[in-house]
Ligand code: HEM
Ligand SMILES: [Cu+2]
């Protein structure tokens with residue numbers, strides 16, 4: 001007995017269809033796998049956050065008093081590795097992408113449901129290896145594994161950490177593969193490429209990077225392990241290798257990887273901005289293609305991480321120019337979001353606050369990227385806190401803001417419950433303020449010359465004020481991140497049941513129930529409208545009005 | 001249907017060719033050809049990779065345009081990796 005509008009608990013959906021641990025661990029439902037990923041990445045987010053807390057506490061005072069130098073090196077290394085490879089890269093694609101890509105294009109599931117489950121198991125295996133590595137001593141090279149320190153000098157657990165990242169890399173490749181095939185093959189009738197939500201375009205571009213970039217970093221890390229154990233002479237100059245070759249190969253993946261983190265966030269922001277200003281995204285085609293442009297151009301700029309490492313000055317010049325070029329498609333997006341707001345009827349619900357936060361923070365992160373792309377300025381600020389602030393503005397300010405915005409926007413769909421809106425707006429504000437307080441002082445510190453990766457700055461006690469501000473900000477930021485976790489969990493039990501389309505949003509996922517049934521749609525949808533048809537949605541429907549004659 | 005890729009014998013043959021080429025690589029390592037060393041080694045490796053891609057991965061005979069597009073873009077990105085990296089090595093001031 002299907003009761004489309006019956007009480008929430010009675011409708012069969014992906015959550016209540018089956019119970020028990022086995023029904024989760026062996027599921028091939030993309031929505032359940034998304035939730036498995038959600039729990040696992042949240043776990044790693046808190047581990048990474050714990051390391052960050054210790055780093056900030058050490059820097060509260062100029063002297064190196066809380067931890068020893070070796071420990072500090074391990075702290076920032078494990079912080080970086082966990083946050084990059086076990087939180088940010090899987091975050092949006094594996095959670096929200098997994099949940100929404102099939103729903104937004106009107107499919108029953110991803111193209112390869114079992115490969116999807118396999119990708120989660122690979123992630124877990126890699127994660128357990130990483131945990132084991134951390135508990136038995138950890139690594140101290142920085143998340144970048146730079147040679148020859150990593151291959152010839154350090155006696156920490158390089159091989160184990162490398163293998164953990166290698167395995168997790170394959171989980172990322174499988175997710176990308178699944179998305180590409182799904183987006184090509186499983187679109188509902190009428191869902192043409194030009195009707196795809198921008199979230200899908202962003203995930204398509206992200207998948208290209210995952211597919212083409214990740215194998216390179218995987219092989220590179222294997223080469224590091226091989227050189228360490230077999231003394232091959234690929235990167236070690238003493239054996240005839242070239243350490244800069246490592247940096248080339250590493251950044252060939254790792255610069256595009258920053259776009260794996262930011263592109264899905266941009267997709268989310270496009271959805272939110274359109275919905276909460278009730279307008280079609282301005283310049284849809286440009287925003288869609290700028291995602292692809294970012295994926296392609298993102299592969300052409302990697303050596304801007306090597307400017308002071310001793311590469312050819314001519315190559316540096318070319319990479320500097322190309323780095324400026326990659327900012328263009330990002331700017332296209334930012335301008336088009338702003339233009340979308342123009343004359344929109346804007347609502348300031350929590351998802352929209354996060355989207356605004358994203359735009360502001362991403363802009364500051366991106367523009368300081370241009371500072372760093374300038375050869376002269378980079379010499380001054382490379383390896384200082386300026387770089388740390390730059391990439392945190394993008395990866396934490398940008399990517400995590402987008403992730404939280406998306407979690408709020410789709411939480412009613414995912415859980416079938418409404419979160420408390422007032423608390424959510426407060427949390428968005430706390431995150432925004434805490435973020436600036438944490439990272440803005442770091443721009444100043446870096447510009448004044450405080451190097452990154454130092455645990456003791458007692459020769460420069462005048463840096464303490466800015467460092468204290470930053471640590472204080474980190475505490476506020478921590479509260480801002482804890483709040484959503486608490487009220488999301490709370491809402492699962494006490495939240496009001498969510499209607500199918502609480503935001504009155506366009507998009508196929510909202511035409512399904514909240515939470516959706518296992519195969520997403522009771523009848524296969526046929527798409528006859530353009531994406532973001534908010535004008536149509538909000539127009540009064542004369543044919544539906546009661547006939548009064 | 002006239003695909004030759006369907007019989008097991010065909011795959012075994014490709015596999016044997018791959019083994020022979022591996023043997024050639026190993027034995028060539030014992031002969032010093034000077035500057036030809038890397039060229040020979042990379043030549044053999046490329047041949048092997050081609051065999052795997054064309055036959056084991058069924059790219060030869062694939063009717064899908066999408067498959068060709070995927071292969072071409074992978075090669076394209078490989079060329080970016082090699083080309084831009086070499087732009088550094090070719091113009092670096094070695095002293
Ligand atoms: C869009 C997302 C972006 C992310 C996530 C990101 C992330 C990062 C990261 C992680 C680093 C630090 C590397 C390290 O030393 O460990 C970095 C450095 C750098 N970024 Fe970005 N970036 C982004 C955008 C940009 C843009 C748009 C540009 C330029 C147009 C840019 C230019 C640079 C440069 C030149 C460096 C090297 C700084 C140095 O080490 O001297 N970035 N970025
Ligand atoms: Cu970069």
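Structural remarks
- Per-peptide average of other Cβ atoms within 10 Å, ordering A:281-291, B:47-57 highest first: A:281-291, B:47-57
- Exposure proxy ranking, count of Cβ atoms within 10 Å, fewest first, for A:536, A:462: A:462, A:536
- Per residue of peptide B:69-78, the mean number of Cβ atoms on other chains within 10 Å of the residue Cβ is 3.
- Exposure proxy order (Cβ contacts within 10 Å, fewest to most) of B:63, A:91, A:320: B:63, A:320, A:91
- Global geometry of segment A:492-541, whether rounded, prolate or oblate, following the gyration tensor of its Cα atoms and the 1.5 cut on a/c: oblate
- Quotient of the Cα radius of gyration of segment B:8-90 and 2.2 N^0.38 Å, N being its number of residues: 1.35.
- With respect to chain A, whose longest principal axis is taken over its alpha-carbon atoms, helix A:69-81 is tilted by about 30°.
- Equivalent ellipsoid of chain A: semi-axes from √(5λ) of the C-alpha gyration tensor, largest first, are 40, 25, 24 Å.
- Mean partner shielding of peptide B:82-88, defined as the number of other chain Cβ atoms within 10 Å of each residue Cβ, is 6.
- Relative to the longest principal axis of the Cα atoms of chain A, the long axis of helix A:350-373 makes an angle of roughly 30 degrees.
- Degrees, to the nearest 10: A:284-297 long Cα axis against longest axis of chain A: 30 degrees
- Per residue of A:310-321, other chain Cβ atoms within 10 Å of the residue Cβ number 4 on average.
- Burial ordering of A:333, A:157, fewest other beta-carbon atoms within 10 Å first: A:157, A:333
Computed from the coordinates by the stated procedures, all read-outs in this text should not be read as laboratory data. Just so it is clear, the model here is predicted, and its values are computed rather than measured. Cβ coordinates were reconstructed from backbone atoms using ideal geometry, including for glycine residues, and neighbour counts include every protein chain displayed.
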